[in-house]
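Data first, discussion second: the structure below is written as structure tokens.
The values are calculated or read from the model by the stated rules, or taken from the named source; none is laboratory data. Here the structure is a predicted model, which is why all the values come from computation and not from measurement. Note: ideal-geometry Cβ built from the backbone for every residue, glycine included; neighbour counts use all protein chains shown. When the accessible area is computed, the model is the full protein with side chains, heavy atoms only, and any ligands, DNA or RNA have been set aside. Shrake-Rupley method; radii C 1.70, N 1.55, O 1.52, S 1.80 Å.
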Amino acid sequence: FRGYKPSQGSKKISELGLDLEAAGQYLLSQGARGIVIVGASMGGTAAIQYVAHQDLLGVIAISPPTEFRGLNALRDIALVETSVHLMVSETDKAAHREAAILFHAPHQAGWAIEVFRSGGHGTDLLNGQYGSLVVERLIEVISGFIT
């Protein structure tokens, strides 16, 4: 995202969808046949918001809040036709609540919630005692989207 290292520019959280759109257009111009987005925390929120208006293979959202500084995953959730896989840690109670709200909101495709013993929020799930399990699971879910 712009403004977050190593990217340049000013942080504009409410416009993260534009950054995803630019990245998607670039990948498709380079010959990608489909896209799976993995986003953590606000990146997960942006990914869910973005997929409501794009044809993607799937989305994995790690600890996504329903809303964050102008991003709103609930606004267009009824338009989401792509499968979304939500991942949260058992110690992140706020993420549990947010994932449940997203999971139970009206949408058109298959959604799943997965809870890990790994503690923390967002990318913190990839570290620590169970981090390798979370990474392994990420790869399995992505593989399921692309086959």
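Do the sum for the chain: with -39,500 (n - 2.57) for every DSSP H run of n ≥ 4, divided by all residues, what is the mean residue ellipticity at 222 nm, to the nearest 500 deg cm²/dmol?
-11000 deg cm²/dmol
Within the accessible area of segment 82-147, what % is carbon and sulfur when the probe is 1.4 Å and the other protein chains stay in place?
Values: 2020 of 3610 Å².
Summing carbon and sulfur atoms, their accessible area is 56 percent of the total for segment 82-147.
Taking only the C-alpha atoms, wrap a convex hull around segment 25-112 and report its volume per residue in Å³ as a whole number.
In segment 25-112, the Cα hull volume divided by residue count equals 87 Å³.
With only Lys, Arg, Asp and Glu charged, each at its Cβ (+1 for the first two, -1 for the last two), find how big the charge dipole of the chain is about the Cα centre; round to the nearest 20 debye.
340 debye
When the Debye formula is applied to the Cα atoms of segment 1-43, each taken as the same point scatterer, what base-10 log of I(q)/I(0) results at q = 0.17, 0.19, 0.28, 0.32 Å⁻¹?
Ignoring solvent entirely, the Cα scatterers give -0.52, -0.64, -1.08, -1.17.
Please compute the modelled spin-label separation between Ala94 and Lys12, points set 7 Å along Cα→Cβ, answer in nm with one decimal.
Here the answer is 2.6 nm between the modelled labels.
I'd like the accessible area for Phe68, computed on protein heavy atoms only with a 1.4 Å probe and all protein chains in place. Round to 10 Å², please.
Approximately 70 Å² of Phe68 is accessible to the 1.4 Å probe.
Once whole DSSP H runs in the chain are found, which of them have Cα atoms spread over 27 Å or more along the helix axis and a mean Kyte-Doolittle score of at least 0.5?
Details: long enough: none.
Within the chain not a single helix satisfies the rule.
Kindly give Rg over Rh for the chain, based on alpha-carbon atoms, with the Kirkwood expression for the hydrodynamic radius. Don't skip to the end; give the middle numbers.
Working: Rg = 14.5 Å, Rh = 15.4 Å.
Taking Rh as the inverse mean 1/r over Cα pairs, Rg/Rh reads 0.95.
Taking the full set of protein chains and a 1.4 angstrom probe, give the accessible area of Ile139 in square angstrom, rounded to the nearest 10.
It works out to around 100 Å².
For Glu136, Glu81, Glu21, give me the order by solvent-accessible area with a 1.4 Å probe, most accessible first, ignoring ligands, DNA and RNA.
Accessible-area ranking of Glu136, Glu81, Glu21, largest first: Glu81, Glu136, Glu21.
What are the semi-axes of the equivalent ellipsoid for segment 62-147, taken as the square roots of 5 times the Cα gyration tensor eigenvalues, largest first, in whole Å?
22, 17, 10
In square angstrom, rounded to the nearest 10, how much accessible surface does Arg137 have for a 1.4 Å probe?
In the full protein context, Arg137 sits at about 70 Å².
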